[in-house]
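The values are calculated or read from the model by the stated rules, or taken from the named source; none is laboratory data. The model shown is predicted, which means the values in this text are computed figures rather than measured ones. Positions of Cβ are backbone-derived with ideal geometry, glycine not excepted, and every protein chain shown enters the neighbour counts. Please note that ligands, DNA and RNA were not included when accessible areas were found on the heavy atoms of the full protein model with its side chains. Shrake-Rupley method; radii C 1.70, N 1.55, O 1.52, S 1.80 Å.
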Amino acid sequence: MEDGKENGILTRTGKSKPFPAKLLLILGLFLAFALTVFVVSVSTIKYTGLQSVVTTVTSGFVTCREDEPNSLSKWIQPPAVLMHNMSDEELLWRASFWPRRKEYPFQRVAEWGRMTMCDAEKRLLANALLDISNEWFVLVSESCIPLFNFTTIYSYLSRSKHSFMGAFDDPGPFGRGRYNHNMEPEVPITKWRKGSQWFEINRELAATIVKDTLYYPKFKEFCRPACYVDEHYFPTMLTIEKPMALANRSLTWVDWSRGGPHPATFGRSDITEKFFEKILDGKNCIYNGRNTSMCYLFARKFAPSALESLLHIAPKILGY
């Protein structure tokens, strides 16, 4: 037998074996796939921007996290991506879920009458200020409704020389009676003010509220129930810092005529043309130095039962 042969099988010693054709095919397919992904990525970045790519990737990871079984955050936190493809029927059904237990499985962000209310409002303003195109900031609740269409409200706010926040000196027990002298000298009693928490302010005042570290500790420590910080902190601070910027009134109408610690709530039977006439033509006020009968842009508090009646009367009375 010749050297290098055994059992009829020819072997070559000292020489490399040929590269397997199957492995070459797999390698070629992989390179083609990688090249395709690269081209698609470059095109996507070129036409839709890097941010959309990052958002898409991030959303993918968030979705995976939210889909984890037994994840409490899936039920108690708002969705990471607000856009959805649910129909109205699906949306209303899901949004109607209501817990049967009174306690919460987490620490609440906000509690009525406490500094956490102002913390939540400052957090809302801070997030809104990140968009440099935002010029006006309006705080409303889920029980508020607009009294005019969007164009009218936008025009009223954008043309105003002042921001709208109630800030008045109440000498009674529910005004100065809540003042704590430990708040001096930063907060003197002569500057102590009271007002509704529902405000409409411009960018300058929003930034003033967000950046405050001087008055915040005083209100957090010395304004506790029966001193309700959401009624005093912003009105007092802005009266000290930016008094000429305030119209000293809110644009949100409420009815305190029924007495008690909370304003009246309105249901289906209250929604009439006469009811809105009382709101829209009820008084005169000052706007840019002139008298006007258009004193409110929003109204509260409306119960869920009022929704159907509001939808029926809005086109005729409110213009939307």
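Using the Cβ-Cβ distance between LEU129 and SER293 with R0 set to 30 Å, the FRET efficiency from 1/(1 + (r/R0)^6) comes to roughly 0.35.
Calculated accessible area for the range 97-241 comes out at 57 Å² per residue, all protein chains present (probe 1.4 Å; ligands, DNA, RNA ignored). Just the protein heavy atoms count here, and of the accessible area of the range 182-295 at 1.4 Å, carbon and sulfur take up 49 percent. Using the Cα gyration tensor of the range 220-320, with a ≥ b ≥ c the square roots of its eigenvalues, what is the shape: rounded (a/c below 1.5), prolate (a/b larger than b/c) or oblate (neither)? In terms of gyration-tensor shape, oblate. Using a cut-off of 27 Å between Cα atoms, the listed pairs LYS242/LYS278; LYS191/LYS220; LYS194/LYS218; LYS211/LYS283; LYS194/LYS274 include LYS242/LYS278; LYS211/LYS283; LYS194/LYS274 as exceeding that distance. Per residue, the accessible area of the range 267-308 comes to 62 Å² when a 1.4 Å probe rolls over the protein heavy atoms. Spatially, the range 226-260 and the range 132-205 are offset by 5 Å when compared through their Cα centroids.
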